[in-house]
1. Mind pulling the angle between the C-alpha long axis of helix 376-423 and the longest principal axis of the chain? Nearest 10 degrees, somewhere in 0 to 90.
2. Would you report the distance distribution of C-alpha pairs in the range 1-158 as whole percents per 10 angstrom bin, up to the bin with the largest distance?
3. From the residues ILE294, PHE394, ALA69, which one has its Cα farthest along the dipole of the chain in the positive direction, the dipole being from +1 and -1 charges on Cβ of Lys/Arg and Asp/Glu about the Cα centre?
4. In debye, nearest 20: dipole of the chain around its Cα centre with unit charges on the Cβ of K, R (+) and D, E (-)?
5. Give LYS78/LYS131; LYS300/LYS321; LYS30/LYS300; LYS12/LYS131; LYS262/LYS282 a once-over and call out the pairs whose C-alpha atoms are over 21 Å from each other.
6. Which entry in (i) 24.9; (ii) 57.0; (iii) 27.9 matches mean projected area of the Cα convex hull in nm² derived from the coordinates of this structure?
7. To the nearest 20 Debye, how big is the dipole of the range 79-219 about its Cα centre, given +1 on the beta carbon of each Lys and Arg and -1 on that of each Asp and Glu?
8. Which value, in debye to the nearest 20, gives the size of the charge dipole of the range 1-156 about its Cα centre, when Lys and Arg are +1 and Asp and Glu are -1 at the Cβ?
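Throughout, read-outs are computed from the coordinates displayed, never taken from laboratory work. Here the structure is a predicted model, which is why all the values come from computation and not from measurement. Heads up, the Cβs are rebuilt from the backbone with ideal geometry, glycines too, and the neighbour counts pull from every protein chain shown.
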Amino acid sequence: MEKNTFIEELEKLAQNEDVLMASREVNELKVRFDDYILEEERKDQVALLNAQAEGIAYDSIDFKPFKDAFYEIYSVYKAKRKEVIDAKNAVETENLKAKKALMTQLKDVIENEENIGAAYGAYKEIHEKWKAIGDIPREQRDQIQQDYSRLLEVFFYNMKIYRELKDHDLKRNYQLKLAIVEQIEQLKNKQSIRDIETSLKTIQNEWEEVGPVANEEWEKLKDNYWASVREIYEKINLFYDERRTTLLENLEKKKAHLITTKAIIDAISSYDSVKTWEDATKNLLAIQENWKTIGFGPRKENEEVWQEFRAMCDDFFAKKKAFFGTIQEKFTKIGDQKQALVDQVIALKGSTDWKATGEKIVALQKQWKTIGHAGQKLEQKLWSDFRGACDTFFNARQKHFEEQDKQLEVNLLAKQTIIQAVESYVVPEDKKQALADLKEFTTSFNTAGRVPLKDKDSNYLAFKKAIDSHYSKLKLEGQEKDQVFFQARIDTLSSSPEASRLFAKEKAEIRQQIEQLKGDILQYENNLGFFAKSKGADALRKDVEGKINHSKNKIDSLIRKLKMIPNE
């Protein structure tokens, strides 16, 4: 129920013309209003504590204006009700005096009026006034009505003219009163005690308004009437007795909660961690929830136990607030450190440098574990953000490598097809065509892409074996053979998954050969100096010069080969 609904309902009840009829509903509304305020204040307390735990601002709700507005209307209603009750009591007192005066007049008519017509007229006037007077004090109503009824019976019995109408009226009154008894019997089937009480009062008034019945039927009819009335009152009394028992049982349940709550409060000195405080809070909130389900106790005692319970709850939450105030600074510091890690992971989550970024994120995850806890509410959000960013990167990396593995399988199938084509290739007589075909095979194999790691070596060796077998069948000589075979070697090395390493090794070996040849040339040139001083050394000099020229030619060839190697 919204707050304004309480005020609107109270205003509606307060405007009821029948103030007394609305009294019970107003009292019940006030109890519900008090429970509602309690619950809303508790929620506000919990919200404030949660906000403080999360380190966010929170404005507490001020219920005073609302309570003041409600109780202002309630006070006006109470004053109005008192005025109505006082006025009602005054009216009933005056009505009692008026009825007693009418009874005196009727008695005087019975005793002194000898004219039947005048007596009957006086009776009619008295009776009309009697009916118009209204309620009198409840404690005297039965006796006054009985006395008046007896006077009526005496009056009618004394009226000679009444004897002619007596039988008819008595029978009619009997039927009316019999119907009234039946109405009372039917009240037993009603469930609402409030409806039963209201209806019974109306029916009893009707009973009193009906005239007398025959003496021989009166006693039995009267006994039946009062027997039925007593049964209804017994039902009403039983309801209130059972209600009283229920109220007492509810009170005992609430007192048991007071004992449990006091045990929680007494143990506060042992609450030295967030977990112990949260466990205690969980227990206390469970008690509060169960408290709301118990129902009302006797009005006075119910208010007393409620005030005691509320005071203990307020004490608990005040001390909890003080405790969390001391650790909030620590949580805030840890939260800032973890937020920094979250920011770093978020900055990395879109990277495609799978290896390096993966290592960085794993390092951040290890660092996360060493920082500590940032408080229940803040920790959950930080962890969710951190874990979400990590998952984004690792899921993307997994998807990338899964797609890459699929492509490697496609590449493997393509290279296996090329190897089969090379193996089934027949070298043509046209040497130029053969070289072009073999180079095309090598180019196709190299551009087919990477293959799964487990297949890369066997796949490369199978291709190298097949292509080398065809090059060996070509009739090549001299420098052409040397150049073609070296180019074929370079092309084949390009097919290897370790091409960069093999190219580097190849360059290192060629440079080593060049340096060796340069050393040989230097040695040969030194030897020529000795031959120039010797007689008959022309043949030896020419041999050395030939070796020098051969080495220089070989160096030129090696340099050309070096230039043929790609810069991987």
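1. Once rounded, the angle reads 40 degrees.
2. Bins of 10 Å from zero give 9, 24, 17, 14, 13, 10, 7, 4, 2, 0 percent of pairs.
3. PHE394
4. Working: 95 positive and 100 negative charges, 879 e Å.
Here the size comes out at about 4220 debye.
5. LYS78/LYS131; LYS300/LYS321; LYS12/LYS131
6. The calculated read-out lines up with (ii).
7. Using Cβ point charges on Lys, Arg, Asp and Glu, the range 79-219 gives about 540 debye.
8. Values: 24 positive and 34 negative charges, 107 e Å.
The dipole of the range 1-156 has a size of about 520 debye.
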